[in-house]
Ligand code: ADP
């Protein structure tokens, strides 16, 4: 049995931020960033002053998802002014890098870069900050969880077994560091063919819900595999910004309501 890392006494709030929710996943490519962005937009649609911090150092996708370009402005005292897009304040590690530049930092460098993005940004009064975590479980997660007063984490999984096995590891880590798990979202839950309306359970529907129940975690909802989710994300106007009243928008809004 691995040792439980000490939770530590120094979990500090972020200045000017009331609530912080992290979005994580066991592995990459399950739609964690898609859920994080749409969840943040859904909070904003509920009238909450909302920010989004892209902490996915190895695959930052928030600039593309929100159509953000360039670096954030920096005040004369060295504090960043976040980008604003679709009513969100956003900071991404991706904005600090060139388009083809990879992050090659080791753990401590990555941790301090993240700390700077989080704490040396003038968030200017937020009700809610959503953090898009890197996939999996690593140094960055542990230091973030030990140093930041989080309200909790949402886990995104596909219905597939492998994703769930990885998701279970993420859940185990959160429990060890005493971060409340707000619940599980099943993404790419099923596919409805746009021409015939036939529904296909491509990855086997319901796996995440079953696992959540077995683990005693709230199940927050399911998001189908829909081409418009991918297309609107690539175009920089995610569904919750462009078409919040459609079925996919309603699914994200319902999940935000349960968080
Ligand atoms: P992660 O953050 O877990 O790596 P992303 O959110 O970047 O995953 O999603 C991976 C890819 O899958 C992106 O191209 C995204 O647009 C697409 N995608 C995510 N969720 C859905 C969905 N429900 N329907 C269609 N495409 C999706």
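Read the figures in this text as sums done on the coordinates, not as results from a lab. Predicted model, so just to flag it, every value in this text is computed and none were measured. Reconstructed Cβ throughout: ideal geometry from the backbone, glycine too, with neighbour counts over all protein chains shown.
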Nearest-0.05 FRET efficiency for residue 79 and residue 198 at R0 = 51 Å, using Cβ-Cβ distance, is 0.45
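Which FRET efficiency value, to the nearest 0.05, do you get for residue 230 and residue 149 by plugging their Cβ-Cβ distance into 1/(1 + (r/R0)^6) with R0 = 25 Å? Mind dumping the intermediate values first?
Details: r = 34 Å, r/R0 = 1.37.
After rounding, the FRET efficiency stands at 0.15.
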Would you calculate the separation in nanometres between label points at residue 96 and residue 115, each defined as 7 Å from the Cα along the Cα-to-beta-carbon direction?
-> 1.2 nm
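Starting from the Kirkwood Rh over alpha-carbon pairs, what translational D in µm² s⁻¹ does segment 24-101 have by Stokes-Einstein at 25 °C and 0.890 mPa s? Don't skip to the end; give the middle numbers.
Values: Rh = 13.2 Å.
In µm²/s, the coefficient rounds to 186.
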Which order do 27, 71, 32 fall in if you start with the one that has the fewest other Cβ atoms within 10 Å?
-> 71, 27, 32
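Which whole number of Å³ per residue matches the convex hull of the alpha-carbon atoms in segment 40-189?
130 Å³
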Taking every pair of alpha-carbon atoms in segment 64-133, what share in percent sits in each 5 Å bin, from 0 to the bin with the longest distance?
-> 3, 14, 26, 27, 20, 8, 2
What's the FRET efficiency of residue 215 with residue 127 using the Cβ-Cβ distance as r and R₀ = 25 Å, to the nearest 0.05?
-> 0.30
Of all DSSP beta bridges with both partners in segment 1-128, the antiparallel percent, nearest 5, is 40 percent
Treating every alpha carbon of segment 136-259 as one equal point scatterer without solvent, the Debye formula yields log10 I(q)/I(0) values at q = 0.09, 0.17 Å⁻¹ of -0.29, -0.95
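Hey, any idea what Rg/Rh is for the chain, computing Rh the Kirkwood way over Cα pairs? Working shown, then result.
On the way: Rg = 17.5 Å, Rh = 18.4 Å.
So for the chain, dividing Rg by the Kirkwood Rh gives 0.95.
Can you give the extra length, in nm with one decimal, that the chain gains between residue 58 and residue 104 once fully stretched, where that is 0.36 nm per residue apart less the Cα-Cα distance? Don't jump to the answer; show the numbers that get you there.
Working: separation 46, 0.36 × 46 = 16.56 nm, distance 0.86 nm.
In short, 15.7 nm is gained.
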What is the order of 64, 115, fewest Cβ neighbours within 10 Å to most?
-> 115, 64
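Using the 2.2 N^0.38 Å rule of thumb for compact globular proteins, work out how segment 108-159 stacks up: its C-alpha Rg over that value, please.
In units of the globular-protein estimate, segment 108-159 measures up at 1.24.
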Counting only DSSP beta bridges fully inside segment 23-258, the antiparallel percentage to nearest 5 is 25 percent
Hey, any idea what Rg/Rh is for segment 194-253, computing Rh the Kirkwood way over Cα pairs?
-> 1.03
Between segment 41-81 and segment 165-192, what is the C-alpha centre distance in whole Å?
-> 23 Å
Where in segment 221-253 does the label zone of residue 69 land, with the point 7 angstrom along Cα→C-beta and an amide N cut-off under 15 Å?
-> 235-237
